[in-house]
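*Asks:* First the structure, which I've put down as structure tokens, then a few questions once you've had a look.
Bear in mind that the values in this text are calculations on the coordinates, not laboratory data. Every value quoted in this text rests on a predicted model; they were computed, and no experiment measured them. Every residue, glycine among them, receives a Cβ derived from its backbone with ideal geometry; neighbour counts consider all protein chains shown.
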Amino acid sequence: MGLQVAVVGVILLLSTHVLTTFRYLFQSFRSRRHKGKEPSSLPYQLPGVGSALQLVTNPHGFFDSISNRIKDGEPVRLRLGNVHAYLIHGSRNVQHVFRCSRDLTFEEFALRVAHKVKRLPAEDVALVAKDLSGSSRVSLTDVPSEDPSRIWRKFHEIYENHLVGGKAVSFLTDLFVGGLVKEIGSVSDKEWTQCGVDEFMKDKMFRASTTALAGPGVFEIDPDFTRRFWDYDHDFMSMLYGVPKFLCRKGCDARDSCLETTRRYLERGWQNLDWSLMERDDPSWEPNFGSKLVREREAAMDRYGISLQGRASFQMGLIWSINSNAIPMTSWIIIETLGRPEVYQRLAAEITTVICKDKVTGQVTVDIPALKKLPLLNSVYLECLRLRSSVFVVRKLRNSIEVDGYTLKADNLILAPSYLAHKDPTVWATPQHPPGEFWPERFMPPSESRGSCKETATGSTMNAGKYFPYGGGSAMCPGRNYAKQEILSAVALFFASFDIEVLHFVDRYGNPSHRGPEVGIEARGVARVDRDLLVKLRRRV
């Protein structure tokens, strides 16, 4: 009986593969462009599953296989379980999709992630899902543009006012820098401290960043909040893909603990905050909810009717969004720099020009406008974003659109992986530096670089379809400006504050490793630092 079942299974897999391959070849050999037809459908083996298993278990390998199969960047149609999607690659096609923001939505996917990973209660999911008007100023439905039921627009408005604008970004950055200087001050200036670079940033940078954003409340309620947060983050993708809880129990338990801490933090904030005083004074930061970004989101969600547990899910999601990519990216920059002594020396010399110390108080600050102009530091930052992150842009089609002569039909998904764009040899390859190589000077102006003009001109030809580490279109990451200033200032303070002795790489459990960190298979934004660099630090007086 078992043998019969196995034979039937093999026949089913083979027949599915043969039939879908024949369909793909038939579609590919017939002209389908500008005839209202969809792109060719990619072959698969698993009936009812399609390419979903490959996409989940090895997305980068899956993307490479498509790139090798379809050389000219044509869109391709995928079956992902009971969902159909279009994989978009090639800079022209990606850029075209980003321009069609009015025909695309991201809210449904965002709610699905919030429900599956952040435990947003089902009743709150249903409540927020009622808003179909989008986040643009002009409503996508018949709802008036200023209608209070437009919760997605309200979120976007709050981001525009308190996370995107220059004044808000500068204020948050100053808070963060002050907090990180304080955290660094706790490190000995007499004895050497041994730690991993990523371990250090996950502790010190997380506390400074979260306090700037949301105040100190979560740490007062749970002094171990930092460790629990990173345990949760480690299993984030497993939870997103529906891995059984017994296989990621540590992350699930940490997620639940962080949610409970955030719920208690919000509850205490409501009890302690004088809202009439907030309306009168309108402070940019106060100790209960921290920044106006968090406070106004909390007030908006309460008015909309979202439960306390739902608000905890959204607010913990904000803490995760601000930290889960910026901190690993900071670690990547430091590790990549320390692995290249000549680059480290040049970068350290650059950074000394932007670190300021008050002669009377001794307070350390960072000249942020000057920091953003440092050519080598910014080049390393951009190169790390290119090679050490993998963004998976997901949108749902509200309306059918045409891309590259093919019709992409409404209600299907669009997938645009940065992985393919950021390794495109037509954009990034030079005679001396292939696209997969980490080259610190790749984004430097020719006049500043030690390479030739031809070798360093790549960055000037970029557009949104060739380079999109923060996503693209109207749903581009609203925290990108703050993230950049946060990352660059953290790198500058780290190198300016410590004498550093590089030791060796270690794995997650502290055991010596024969290799350094590598980008894994997850398309989750900035890659986790899977091998930390062990160093000895001594704070400079």
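*Asks:* Quick one: what pairs do we get from the range 384-397, first residue over 14 Å from Ala326 (Cβ atoms), second charged (D, E, K, R), C-beta under 6 Å, 6+ apart or different chains?
*Replies:* Lys396/Glu108
For every residue, the table says whether it meets (1) out of contact with any strand residue (DSSP E or B) (no Cβ under 8 Å at 6 or more places or on another chain); (2) surrounded by fewer than 21 Cβ atoms within 10 Å (Cβ to Cβ); (3) outside any helix (DSSP H, G or I); (4) among the hydrophobic types (A, V, I, L, M, F, W, C).
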residue	(1), (2), (3), (4)
Pro223	yes, yes, yes, no
Val243	yes, yes, yes, yes
Arg268	yes, yes, no, no
Glu279	yes, yes, no, no
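One line per residue, one yes/no per condition, for (1) under 21 Å from Thr262 (Cβ atoms); (2) touching a Ser or Thr at 6+ places or on another chain (Cβ under 6 Å):
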position: Arg311; (1), (2): yes, no
position: Met316; (1), (2): yes, yes
position: Trp320; (1), (2): yes, no
position: Ile335; (1), (2): no, no
position: Val360; (1), (2): no, no
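*Asks:* Among what's in the range 132-187 and is among the acidic types (Asp, Glu) and under 25 Å from the mean Cα position of the chain (by Cα), pick the residue that is nearest to Pro478 (Cα to Cα).
*Replies:* That would be Glu160.
*Asks:* Could I ask something else about it? Taking into account only those residues within the range 137-192 that are assigned to a loop (DSSP other than H, G, I, E, B) and polar (S, T, N, Q), which is farthest from Thr361 (Cα to Cα)?
*Replies:* Looking only at the range 137-192, we keep the residues that are assigned to a loop (DSSP other than H, G, I, E, B), and these are 137-150, 165, 185-192.
Now restrict to residues that are polar (S, T, N, Q): 139, 141, 145, 149, 186, 188.
Details: Ser139: 52, Thr141: 56, Ser145: 50, Ser149: 50, Ser186: 17, Ser188: 19 Å.
Among those residues, the one meeting the criterion is Thr141.
*Asks:* Of all residues in the range 165-210, which are surrounded by 23 or more Cβ atoms within 10 Å (Cβ to Cβ) and not hydrophobic (A, V, I, L, M, F, W, C)?
*Replies:* Asp198, Lys202, Lys204, Ser209, Thr210 - these are the residues of the range 165-210 that are surrounded by 23 or more Cβ atoms within 10 Å (Cβ to Cβ) and not hydrophobic (A, V, I, L, M, F, W, C).
*Asks:* Looking at the range 189-206, is at least one residue over 22 Å from Leu534 (Cβ atoms) and touching a helix residue (DSSP H, G or I) at 6+ places or on another chain (Cβ under 7 Å)? Give the steps one after another, and end with the answer.
*Replies:* Restricting attention to the range 189-206, the residues satisfying the condition of being over 22 Å from Leu534 (Cβ atoms) are none.
No; the residues of the range 189-206 include none that is over 22 Å from Leu534 (Cβ atoms) and touching a helix residue (DSSP H, G or I) at 6+ places or on another chain (Cβ under 7 Å).
*Asks:* Where in the range 303-379 are the helices (runs of 4 or more DSSP H), entirely inside, with at least 2 residues that are surrounded by fewer than 19 Cβ atoms within 10 Å (Cβ to Cβ)?
*Replies:* Details: elements: 308-323, 326-338, 341-351, 368-371.
Per the criteria, 308-323, 341-351, 368-371.
*Asks:* For the range 511-522, enumerate the residues that are free of Cβ contacts under 8 Å to residues at least 40 places away in the same chain and either in a loop (DSSP other than H, G, I, E, B) or under 24 Å from the mean Cα position of the chain (by Cα) (or both).
*Replies:* Selection gives Asn511, Ser513, His514, Arg515, Glu518, Gly520.
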